[in-house]
Structure formats: C-alpha cells, structure tokens
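**Student:** Here it is: the structure, laid out below.
The values are calculated or read from the model by the stated rules, or taken from the named source; none is laboratory data. As the structure is a computational prediction, the values presented were derived from the model and not from experiment. Glycine also receives a Cβ, built like all others from the backbone with ideal geometry; neighbour counts cover every protein chain displayed.
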Amino acid sequence: MASLLSDLEPGPDTSPEFKRKKRRITNETPASFHRNQVNQRIKRWRTEREQQVYSSKLIEALRRSRRTSSSAAPNEVRETADRVLAVSAKGTTRWSTAILTSRLSSGAKMREHRKAKVIANTRLKKPKINREKRKLPVFERKLKVLGRLVPGCRKLSFSNILEETSDYIAALQMQVRVMTAITEFLADGVGGGSQPPADRLGSNVNP
Amino acid sequence: MSSRRSRSRQSDVSRITDHQITDLISKLQQLIPELRGRRSDEVSASKVLQETCNYIRSLHREVDDLSDRLSQLLASTDTDSAQAAIIRSLLM
C-alpha cells in the first residue's frame, strides 16, 4: 500500500506514513492531481519560452537534415517539424511517443500489417455481427475518427482521447505559429522587399 | 461483483465520471477557435467532437502548406547565415 502511494506522487523523499498523512490533509486525489498536471502541460505550449525552444530546435534540425540530403523536400520538412514537436513534448503524452516510435520502426509497414489483420478478422465474422457494428451511435463514431487523427490514440478510452487531443491541439497551434514566423522571416529575407530593421538581424541576409 | 468494485482504489483515475466528461469536453471547446465564445450548454458534445476533428485536419493542412513553403524557401537561401539570423531574431 505504501509503495502504491509513493508511486502516485512524486513528492519529497519522506517516509510513506508522512505521505499518507499529507494526502489526507491536502485532500488531493490522484484524479485531480492528474488533471492539474494535464492543465499545466497544456498551458506550457502557449508560453514564449516553449516557442523559442521549439523554433531553435527546428531550425537546427532542418539545417542538419539539409547537410545530409541536398534538397529539403516538403515531407522531410513536415516529418522534421513533427519529430521535433514530439521531442519538445518531453515524452509524457501518447501522441508524442507514437510519433517518435513510428519514425524509428517502419511506420508504413506496421500500418499495412494492421490493415491486413482487420480485413482477415471481418471476413471470419458472421454478417449478423457486422450489421450490429454499423449501428454505432454518431458520438462514438466521431470519437473513433478523432482517435485516428491524433497519433497513437486509436484504442484509448474516452477521457484519455480527450486529454491527448487537448494537448495535441495546443502543440499543433504552437507548431503552426513557429513555422509561420520562420517562413515569414525567410520570405522577407529572400523576397528582397523592404530592408529588415537593423536591430532585428545580426548579419545581412541579402548579399 | 459490487464487492470487488468497492475494494478497488478509492479515487481511481480511470473511473470516468459524468462531471469529468463534461469538464473535458468544455476544455476542448475552449481550445477550438470556432466554438470558444459559445456557452457550453449551447454546443452539443457531438458538435464539439466534429469541430475538433475539422480543426485538427485544418491544422494538419496548414502545417503541410507551411512545410511546402519552408522547403522552397530553404532551397533558395543561403542557409547558414539565414538560420543564424532567424535564431537571433526569434530569441531576442
């Protein structure tokens, strides 16, 4: 029992009894503690600091990938952006670990394998069962679609999917903000329109 | 079966309450720009899910477009000095 409590709360290194008393006094259940953690994580995506960290990491990663391959293909850029985003999540969410693991193993092959399995299963089942499945309520169908959109969330429970989705949307919003800023910056420099203000740049981009 | 349930952990994270569901759905609603202003009793949960899916799809599309533009721009700029400049300007 004591070890269970110490697993749930990352508190200071104290005796299990103290921890049990502490829980009763603050009256914080694992559920609300978990919710607070989730809220804090989501707010993090909005901070200036997180944006700066992501943009510098992204630029560095793009520069590295340009050294290895001569052209920066759009899907390479997209994959790099997603991968860096997943790394920035610091591994506490399912969608981030799903993105990272799908890059390591051949993600496409896994999807093919899963598809073949599903087809084989539906063929073995009797038609009666299939007709029942089609009558899934609208709500659950939409939940399934959502689970497919967010990486790594196909078979999660309802509340888990919603949590992952909130975090994923906040992260995607930051990704769009950063990439827009980088793109506009580069476009300003390349387009050769108005001269960028001197205090913004350290070196002149245009030759 | 009920005795087994009462013996389980008191406040199990995985036990979903109705309050938790509405809480999560309203939180999701706040993140979606289209539905942000509306009261949570005006918008059905099903609509929130639908709009969430649409929103995620549009965000994906935006990232794809930005990747396209970015790859074109990167191909045509002198990367090292440009990227040093970007980093400096974005971090200050």
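**Student:** Among A:Leu201, A:Leu156, A:Leu136, A:Leu143, which is the only one that is surrounded by 10 or more Cβ atoms within 10 Å (Cβ to Cβ), at the interface with another protein chain (Cβ under 7 Å from one of its Cβ atoms) and modelled with pLDDT of 65 or more?
**Tutor:** A:Leu143
**Student:** Of these, B:Ser81, B:Ser67, B:Ser58, B:Ser14, which one is at pLDDT below 85 and either crowded, with 16+ Cβ neighbours inside 10 Å or part of a helix (DSSP H, G or I) (or both)?
**Tutor:** Matching residue, one of B:Ser81, B:Ser67, B:Ser58, B:Ser14: B:Ser81.
Yes/no per residue for (1) at pLDDT below 80; (2) out of contact with any Cys (no Cβ under 7 Å at 6 or more places or on another chain); (3) under 18 Å from B:Ser76 (Cα atoms); (4) more than 7 Å from chain B (Cβ to nearest Cβ):
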| position | (1), (2), (3), (4) |
| --- | --- |
| A:Glu50 | no, yes, no, yes |
| A:Val53 | no, yes, no, yes |
| A:Ser56 | no, yes, no, no |
| A:Ile59 | no, yes, yes, no |
| A:Thr68 | yes, yes, yes, yes |
| A:Ala72 | yes, yes, yes, no |
| A:Val77 | no, yes, yes, no |
| A:Arg83 | no, yes, no, yes |
| A:Val87 | no, yes, no, yes |
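**Student:** Out of A:Glu60, A:Glu76, report the one residue that is without any contact (Cβ under 8 Å) to a residue 60 or more places away in the chain and crowded, with 16+ Cβ neighbours inside 10 Å.
**Tutor:** The unique qualifying residue is A:Glu76.
**Student:** In this structure, is B:Ser40 part of a loop (DSSP other than H, G, I, E, B), among the hydroxyl-bearing types (Ser, Thr, Tyr) and at pLDDT below 90?
**Tutor:** Considered against the rule, which asks whether it is part of a loop (DSSP other than H, G, I, E, B), among the hydroxyl-bearing types (Ser, Thr, Tyr) and at pLDDT below 90, B:Ser40 comes out as yes.
**Student:** Here is a further query. Could you count how many residues in the range A:173-183 are in contact (Cβ under 8 Å) with a residue 24 or more places away in the chain and surrounded by fewer than 22 Cβ atoms within 10 Å (Cβ to Cβ)?
**Tutor:** Going through the range A:173-183 one residue at a time, the tally reaches 4.
**Student:** Any residue at all in the range A:163-182 that's facing chain B (nearest Cβ under 8 Å), modelled with pLDDT of 55 or more and touching a Cys at 6+ places or on another chain (Cβ under 8 Å)?
**Tutor:** Yes, the range A:163-182 contains at least one residue that is facing chain B (nearest Cβ under 8 Å), modelled with pLDDT of 55 or more and touching a Cys at 6+ places or on another chain (Cβ under 8 Å).
**Student:** Right, B:Leu31: surrounded by 15 or more Cβ atoms within 10 Å (Cβ to Cβ), closer than 25 Å to A:Met179 by Cβ, at pLDDT 80 or above and facing another protein chain (nearest Cβ under 7 Å) or not?
**Tutor:** So B:Leu31 fits the description; yes.
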